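Taking it in order: structure first as structure tokens, then the write-up.
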Amino acid sequence: MLYVIKFSVCLIFRHIRQPVANRRINRRISTKSFILCYSVKQIAMKNFEFYNPVRILFGKGSISKINKYLPAGVPVLFMYGGGSIKKNGVYDQVLKTLKDTEFYEFSGVQPNPVYEQLMPALDIIREKNIGFILAVGGGSVIDGAKFVAAAACYKGNDPWEILSKQVRVEKALPIGAVLTLPATGSEMNGNSVITRASVNHKLSFGTSKVMPEFSVLDPEVTYSLPKNQIANGVIDAFIHVLEQYLTYPSNAEIQDRFAESILLVLKDTGSKVYADPEPNYDDRANFMWAATNALNTSISMGVISDWSTHAIGHELTALYGLDHAVSLAIVLPGVMYYLREKRQEKLAQFGEHIWGITSHDPQVAIAETIKNTEQFFRCLGVKTKLSEYGIGPEAIDKVVKQLGSHGATVLGGAGDVTIDDVPAILGTRI
Ligand code: NZQ
Ligand code: ZN
């Protein structure tokens, strides 16, 4: 149920319903913000169903447990990426656990996995009667495995329709995952993002049918990550939380506090993981579990989620090949600035609880919040302006055209960003 709260009602309602920390913010909100408050959306926590059946095998040495959870007598497709797992010992650990299992390999899954490169996996699945897929890698390999799992059972002409027409997935092969890069949360959700290179479309689908039966999270496998991938992981997970948290108040206290705890771990421990010359197990463990929780859907229950930053970011990746997290670090400050009035309450809460911003002037507080967020990304070595990647203002029209070409007119779930807002958002990001 959506309430548009007016003036005096707004004050009383907030005072009764909001926790003490938020009341402090509200007391500081000035006359100007009272006026803005007129149009602030406030909703009650929405009804929800939470379903997450993914078994997590967490901790060092957990890859060895995989054979316990594989279906007996079923040939397995072992999918992985460009070979990092052969350098860091993960490949050998997987071979060990598969020693009594009939399995076939499918390697070379690219970052931002590509439909054309994944489709040949279907031939192996048919020929070898594969009944289970084991994905070993980052989000790209896991997403690739999810698509292949759904495509193998697809009854229509072209499995691309699962993404382009959002055809419902009725059935998929079961999958398991070994996560090597904490970032996407793909190891504990039902989402998959696939690029069709021939048309430059990067699209997603989501269904519980492709949620992994199990995912192994061994923090030690992250020791081989290069710094830029650690930064990508921290930023991607941080922005996943913001897509679900930084919208409108929903009186969802558990979700808010949980979201804030994940943000704090990513800010503090994530920065430490990035800066430390030698890996520290506990820090890696906390980073890994934070990234998984950032997108296993628990913090999105009952609240208004957005995802407009991702929608715009995916187009930048499809057009210019930017890393997923890099595209988000560019777009997010633009979205925050563009929606600074509509989303002022959650922006102020985020600013105080994460960055410790206590300015009495809400406009100053929000400006500081956006600045701190962007600075955080830059401290992780990620540039946040398009021009810093050699991309000019022409990108704006291209992104709009791309979004239009696959019918994306309303972006995200908060209803406050449309394709018409993209020029203003990206206009501040050149
Ligand atoms: O391919 P290999 O050789 O394995 O190397 C990878 C790749 O080059 C390397 N890497 C991974 N683990 C490593 C490692 N290198 C050394 N040591 C390790 N332990 O890192 C590179 C990037 O890997 P990738 O899987 O592409 O990164 P990430 O996990 O960030 O995944 C990005 C993809 O996930 C999608 C993105 O759009 C993008 O396509 N997303 C998926 C989501 C989901 N399923 O819920 C949500 C996200 O918002 C996101 O959209
Ligand atoms: Zn993401």
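The values are calculated or read from the model by the stated rules, or taken from the named source; none is laboratory data. Please read all numbers here as calculations on a predicted model, not as lab measurements. For neighbour counting, all protein chains shown are included, and Cβ atoms are generated from backbone atoms with ideal geometry for every residue, glycine included.
Which of the residues spanning the stretch 120-147 are of a type in the set (A, V, I, L, M, F, W, C) and either farther than 18 Å from G83 by Cα or not in a helix (DSSP H, G or I) (or both)?
If the condition is that a residue be of a type in the set (A, V, I, L, M, F, W, C) and either farther than 18 Å from G83 by Cα or not in a helix (DSSP H, G or I) (or both), then L122, I124, I125, I130, F132, I133, L134, A135, V136, F147 are the ones that fit.
Restricting attention to the stretch 286-297, the residues that are out of contact with any strand residue (DSSP E or B) (no Cβ under 8 Å at 6 or more places or on another chain) and either of a type outside the set (S, T, Y) or farther than 21 Å from V178 by Cα (or both) total 7. Restricting attention to the stretch 215-245 and to residues that are closer than 20 Å to N112 by Cβ and among the acidic types (D, E), the residue that is farthest from ligand 2 (Cβ to nearest atom) turns out to be E243. Among residues that are over 21 Å from the mean Cα position of the chain (by Cα) and in contact (Cβ under 8 Å) with a residue 12 or more places away in the chain, I370 is not included.
Would you say Q117 is part of a helix (DSSP H, G or I) and at pLDDT 95 or above? Against the criterion (part of a helix (DSSP H, G or I) and at pLDDT 95 or above), Q117 qualifies.
Pairs meeting the criteria (first residue in the stretch 222-250 and more than 16 Å from L266 (Cα to Cα), second residue near ligand 1 (Cβ under 6 Å from one of its atoms), beta carbons under 7 Å, at least 6 apart or on different chains) are S224/S84; S224/N88; L225/L181. Among the residues of the stretch 201-218, are any more than 26 Å from S64 (Cα to Cα), among the basic types (K, R) and surrounded by fewer than 24 Cβ atoms within 10 Å (Cβ to Cβ)? No. Looking at the structure I just gave you, is S186 buried (at least 24 other Cβ atoms within 10 Å of the Cβ) and either farther than 29 Å from S64 by Cα or in the same structural domain as G73 (by TED's automatic domain parsing) (or both)? Yes, satisfied.
Does the stretch 411-421 include one or more residues that are more than 16 Å from Y320 (Cα to Cα) and more than 23 Å from the chain's Cα centre (by Cα)? Show your work before the answer.
Step one: list which residues in the stretch 411-421 are more than 16 Å from Y320 (Cα to Cα), which gives 411-421.
Imposing the further condition that a residue be more than 23 Å from the chain's Cα centre (by Cα) reduces the set to 420.
Yes, some residue in the stretch 411-421 is more than 16 Å from Y320 (Cα to Cα) and more than 23 Å from the chain's Cα centre (by Cα).
Here's the yes/no breakdown for (1) assigned by TED's automatic domain parsing to the domain that holds V400; (2) of a type in the set (D, E); (3) closer than 19 Å to G415 by Cα; (4) away from ligand 2 (no atom under 14 Å from the Cβ):
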position: A285; (1), (2), (3), (4): yes, no, no, yes
position: M288; (1), (2), (3), (4): yes, no, no, yes
position: T292; (1), (2), (3), (4): yes, no, no, no
position: T297; (1), (2), (3), (4): yes, no, no, no
position: S300; (1), (2), (3), (4): yes, no, yes, no
position: S308; (1), (2), (3), (4): yes, no, yes, no
position: L316; (1), (2), (3), (4): yes, no, no, no
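Residues in the stretch 346-360 that are touching a helix residue (DSSP H, G or I) at 6+ places or on another chain (Cβ under 8 Å) and surrounded by fewer than 18 Cβ atoms within 10 Å (Cβ to Cβ) were compared, and the one that is farthest from K385 (Cα to Cα) is H360. State which residue is nearest to ligand 2 (Cβ to nearest atom) when the search covers only the stretch 158-176 and only residues that are crowded, with 21+ Cβ neighbours inside 10 Å and not in a loop (DSSP other than H, G, I, E, B). The extreme case among them is L163. Among the residues of the stretch 177-187, those identified as within 16 Å of the chain's Cα centre (by Cα), outside any helix (DSSP H, G or I) and more than 11 Å from ligand 2 (Cβ to nearest atom) are L179, T180, L181, P182.
Does the stretch 157-185 hold any residues that are within 16 Å of ligand 1 (Cβ to nearest atom), without any contact (Cβ under 8 Å) to a residue 60 or more places away in the chain and β-branched (V, I, T), and which are they? The answer is I162, V169, I175.
Out of the residues in the stretch 321-331 that are touching a residue at least 24 places away in the same chain (Cβ under 8 Å) and part of a helix (DSSP H, G or I), which is nearest to N112 (Cα to Cα)? Out of the qualifying residues, it is H324. The set of residues in the stretch 98-112 that are surrounded by fewer than 21 Cβ atoms within 10 Å (Cβ to Cβ) and more than 16 Å from ligand 2 (Cβ to nearest atom) comprises L98, K99, D100, T101, E102, F103, Y104, E105, S107, G108, Q110.
Table: residues versus (1) within 14 Å of ligand 1 (Cβ to nearest atom); (2) within 30 Å of D397 (Cα to Cα); (3) of a type in the set (V, I, T); (4) crowded, with 21+ Cβ neighbours inside 10 Å.
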| site | (1), (2), (3), (4) |
| --- | --- |
| D256 | no, no, no, yes |
| I262 | no, no, yes, yes |
| D268 | no, no, no, no |
| I299 | yes, no, yes, yes |
| D306 | yes, yes, no, yes |
| A325 | yes, yes, no, yes |
| E341 | no, yes, no, no |
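Name the residues in the stretch 104-133 that are hydrophobic (A, V, I, L, M, F, W, C) and away from ligand 1 (no atom under 14 Å from the Cβ), would you? Outline the logic, then answer.
Filtering the stretch 104-133 down to residues hydrophobic (A, V, I, L, M, F, W, C) leaves 106, 109, 114, 118-119, 121-122, 124-125, 130, 132-133.
Correct list: M119, A121, L122, I124, I125, I130, F132, I133.
Looking at the stretch 277-285, can you tell me whether even one residue there is touching a His at 6+ places or on another chain (Cβ under 7 Å) and either modelled with pLDDT of 95 or more or within 13 Å of ligand 1 (Cβ to nearest atom) (or both)?
no
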